[in-house]
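Notes for the one structure printed next.
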Amino acid sequence: MRYEGAIYRPPSEAKSLILQITIGCSHNRCTFCVAFMDKKYRERELGEIEADINEAARSLGGVRRVFLADGNALAMQTEKLLAVLKKLYSAFANMERIGIYASPQDLLEKSEDELEKIKKAGLGIVYLGVETGNEELLNWIRKGATRDEIIEAGLRARKAGLVLSITVINGLGGAAKMEAHARDTATLLNKIDPEYLGLLTLMVCDGTPIARQVEKGEFAVPGQLEILKEIEMMLQHLELSNCVFRANHASNYLPLRGTLPGDKEKLLNILEKVRLSGDLRQLRPEYLRGL
């Protein structure tokens with residue numbers, strides 16, 4: 001298997017074979033993101049990808065899950081992506097699921113017919129980075145999509161039958177925009193109603209535009225207890241029908257997991273209890289947090 005640069009995958013893909021079908025991120029302008037700063041986006045040649053699949057089939061055998069990297073591999077040309085999916089299912093007889101990262105732009109640029117073909121070809125789950133539902137913050141972080149466009153993108157994925165896992169980032173609004181970030185993100189999520197929701201917590205990485213804003217005093221990163229309050233507010237506004245909820249990424253201060261709406265009150269009680277205690281020893285220390 002050949003990999004170029006650092007490789008990122010969702011926590012739920014820890015046991016998956018990671019297949020790098022694109023390099024970098026086609027947008028690569030988000031002010032908080034350091035992941036693909038050193039890569040220029042391109043699609044790998046189909047022959048190279050198929051050679052990697054053949055190698056994995058020989059050496060690994062019973063692969064059941066595959067995750068397609070890099071940052072937004074759904075941007076790949078549809079016919080090429082369909083060929084990759086076909087090759088994977090022919091190489092691994094016990095395949096259960098194939099996952100992929102996507103941006104809102106990727107879902108909007110694919111036609112409904114293309115998305116349905118990709119679903120029929122066996123793509124199982126799409127990981128969509130939403131980050132925030134607040135229009136002002138989306139513009140500030142240079143997400144490249146408006147609130148309405150993100151909602152449309154999510155609904156297009158759902159309509160095509162693709163399982164949707166959405167990630168948002170707590171702390172993006174700082175203290176000043178905390179309430180707006182929490183409320184607007186929750187109402188956006190309510191409109192899409194994803195099957196999975198993952199919360200990350202902002203980490204300011206050297207070399208990013210947001211790091212320079214912090215250095216200049218133009219942005220103040222919320223404290224640990226403020227982050228817990230923001231998550232509380234977001235949960236209070238969430239009205240999802242049946243969603244697996246996770247806030248157990250390495251960036252999170254307080255690991256949380258449950259199913260919404262069933263575990264909503266339990267999660268709120270945990271957050272309130274820890275926050276009101278003021279005991280930071282119950283939270284993940286900064287040196288253990290990671291991307």
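Only residues that are of a type in the set (A, V, I, L, M), over 19 Å from M203 (Cβ atoms) and part of a loop (DSSP other than H, G, I, E, B) were counted in the range 13-50, giving 2.
If the condition is being over 23 Å from I192 (Cβ atoms) and either outside any helix (DSSP H, G or I) or of a type in the set (D, E) (or both), then the range 233-282 contributes A250, Y253, L254, P255, E272, G278, D279.
Candidates L74, L68: the one that is in a helix (DSSP H, G or I) and modelled with pLDDT of 95 or more is L74.
When L88, L81, L164, L123 are screened for being part of a strand (DSSP E or B) and touching a strand residue (DSSP E or B) at 6+ places or on another chain (Cβ under 9 Å), only L164 passes. Among the conditions (1) touching a residue at least 40 places away in the same chain (Cβ under 8 Å); (2) closer than 14 Å to C243 by Cβ; (3) within 13 Å of the chain's Cα centre (by Cα), the only one that I166 does not satisfy is (1). Among the conditions (1) within 15 Å of T201 (Cβ to Cβ); (2) surrounded by fewer than 18 Cβ atoms within 10 Å (Cβ to Cβ); (3) small (G, A, S), the only one that G262 does not satisfy is (1).
The values are calculated or read from the model by the stated rules, or taken from the named source; none is laboratory data. Note that the structure is predicted; figures quoted are calculated from it, not measured. Cβ atoms come from the backbone with ideal geometry, glycine included; neighbour counts cover every protein chain shown.
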